[in-house]
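The values are calculated or read from the model by the stated rules, or taken from the named source; none is laboratory data. These numbers were taken from a predicted model, which means no experiment stands behind them. Cβ sites come from the backbone with ideal geometry, for glycine too, and all protein chains shown count toward neighbours. Just the protein is used for accessible areas: all its heavy atoms, side chains included, with ligands, DNA and RNA removed. Shrake-Rupley method; radii C 1.70, N 1.55, O 1.52, S 1.80 Å.
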Amino acid sequence: MSSFKQILCAIDLSQPSEKLLQKAKYFAQDANTALTVLHVVEDNQLSFLQFMINTEADNTEQIAIAKLNAELLDITNTLLDEGVKANAITVTGKVSESIGNFANEIGADLLLIGAYNHNKLEKIFLGSTALKILRYSVRPTLVIKNTSPTTYQRVFIAVDFSQDINTIISIVKNIAPDAELVLAHFYDITFEGILNHYAELDDNQLMSYRTEIRENALKQLESIADAAHLDPLQSSIVVAQGSAVEKILFFADDYECDLLVLGKHGKSLTEALVLGSVTNEIINTCTQDILVITHQENQSLTSSLL
């Protein structure tokens, strides 16, 4: 049974967001938990509205917000009729900041955001928008790429051994209790070329070094799987040398995973840049949903920066 108490779904009231809402409803019903639907109105949208209707009336903003609230009320009533404990809220501000901060404020156990695109131009901005939200949110955030409301069958978890992997597995099991888990670790031998040049290591020495790293990683993943009591028939372990982005995309497809789990630490500049280079590319490239779990000091949710 899920331990989630609050799910937050951020929508923009577009047609694709209707499918996102359906997926949020599915999770809320499956977990028997409360669902809050959030819509953020950008301040510049209201200014543009006044410009388009050519009015300086003081109540223009209130009228627009009232209309949005009425639409959200219809959504809430529909969800309530379908047995979901739902409510809907409209706030004004910057989308990325408002969504992330609101998720933190209510202590959402899961935040759902969409990353669907209709054309190549939109695809360029998908990772940027989702990434900004991820930088502000310290809650587990599910980036929806596939809007089909079905259960996850196989989940790919990237591990770098700085994570509280038991917490991550617990969160995953709240979302996909019956899914097979793939624990994966990817590594690069730092300065391998330089070591080979200056230390004059031969191929056998380098191979021995690579083998040692691989075997140590396998042992750590096996220990993680044992500690988490993972069923060997319902879990797999992958260790490979190479680029994190390239390997995550390849093995996630190879194992036919429908959910990828990535991690990040805090919101420092260096971490944000690395997060952008990895998560942004994966969000824009993969077809699977992506769960991003953040570690913050004094937060119980822990993860790693890939």
Per-residue ³J(HN,Hα) for the range 216-233, Karplus 6.51 cos²θ - 1.76 cosθ + 1.60, θ = phi - 60°, Hz, x for Gly and Pro: 5, 5, 4, 5, 5, 5, 5, 5, 4, 4, 5, 5, 8, 6, 6, 5, x, 7
Residues with amide H under 5 Å of Val41's amide H, sequence separation 5 or more or different chain, H placed in the peptide plane at 1.01 Å from N; which? Val91, Thr92, Gly93
Roll a 1.4 Å probe over the protein heavy atoms and report the accessible area of Lys85 in Å², nearest 10. 110
I need the phi-derived Karplus couplings for the range 133-142: 6.51 cos²θ - 1.76 cosθ + 1.60, θ = phi - 60°, integer Hz, Gly and Pro marked x. 5, 5, 5, 8, 8, 10, 9, x, 10, 9
Which order do the peptides 15-24, 155-164 come out in when sorted by mean C-beta neighbours inside 10 angstrom, highest first? 155-164, 15-24
May I ask you to evaluate 6.51 cos²θ - 1.76 cosθ + 1.60, the Karplus curve with θ = phi - 60°, for each residue of the range 255-262 and list the ³J(HN,Hα) values in order in whole Hz, giving x for glycine and proline? 8, 6, 7, 10, 9, 10, 10, 10
